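These notes are about the structure you will find just below.
The values are calculated or read from the model by the stated rules, or taken from the named source; none is laboratory data. What you see is a predicted model, and the numbers here were worked out from it, not measured in a lab. Here the Cβ positions follow ideal geometry from the backbone for every residue, glycine too, while neighbour counts run over all protein chains shown. Each accessible area value is taken on the protein alone, full model and side chains, heavy atoms only, with ligands, DNA and RNA left out. Shrake-Rupley method; radii C 1.70, N 1.55, O 1.52, S 1.80 Å.
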Amino acid sequence: MEKLEKQTYTVGERVEKFCAPCGEERGHVVASITKRGQIARVSCPQCGTRSTFKNGDAGVRRSPAKAGAPYDRARTYRAGQSLTHPVFGEGEVTAVIEPQKIDVLFPDRMRRLIHARPQQG
Ligand SMILES: [Zn+2]
């Protein structure tokens, strides 16, 4: 019996891909998948460019060169900043959604975190 190692993906997962407008390989978010669970399109959270995803592009998951400071919900983040979450690991802030909510791209997928929320007594 041969073991099938068919990797499937879900929308919202993170993959590494070269982004031409950004001029660098960076984390992208899976925007759509095929019926077989393969990536059809990805979007770059930095510049918003959507592009097709070929199998040859697949999954080089490198650890980020720059490690971010530990995630601190009291801190105010901006797009492009890096952080290290105790559970999710290395992340990059891709967008500020609301004054106190940010989207962060982690090694596995995008997650929404809170920020700019000082501890109150
Ligand atoms: Zn880009």
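Grab the beta carbon distance between Thr34 and Ala69, set R0 = 30 Å, and tell me the FRET efficiency rounded to 0.05. Please list the in-between numbers first.
Values: r = 38 Å, r/R0 = 1.27.
Calculated transfer efficiency: 0.20.
What are the residues whose amide H is under 5 Å from the amide H of Ala79, where those residues sit 5 or more places off or on another chain and H is modelled from the backbone?
Those qualifying (amide H under 5 Å, at least 5 residues apart or on another chain) are Val96.
Across 5 Å bins from the origin, how do the percents of Cα pairs in the range 70-118 run, short distances first?
6, 26, 38, 24, 6, 0
Between Cys47 and Ala20, 0.36 nm times their residue separation minus their Cα-Cα distance comes to what? Don't jump to the answer; show the numbers that get you there.
Values: separation 27, 0.36 × 27 = 9.72 nm, distance 1.00 nm.
Taking 0.36 nm per residue and subtracting the Cα distance, the gain is 8.7 nm.
Given a 1.4 Å probe, how much area per residue of the range 16-55 is accessible, in Å²?
Details: 2230 Å² over 40 residues.
In whole numbers, the range 16-55 has 56 Å² accessible per residue.
Sticking with the crude label model, points 7 Å out along Cα→Cβ, report the distance from Gln119 to Ala79 in nm, one decimal please.
If labels sit at Gln119 and Ala79, their model points lie 3.2 nm apart.
Return the Cα extents of the range 12-55 along principal axes one, two and three, sorted largest first, each rounded to a whole Å.
30, 17, 13
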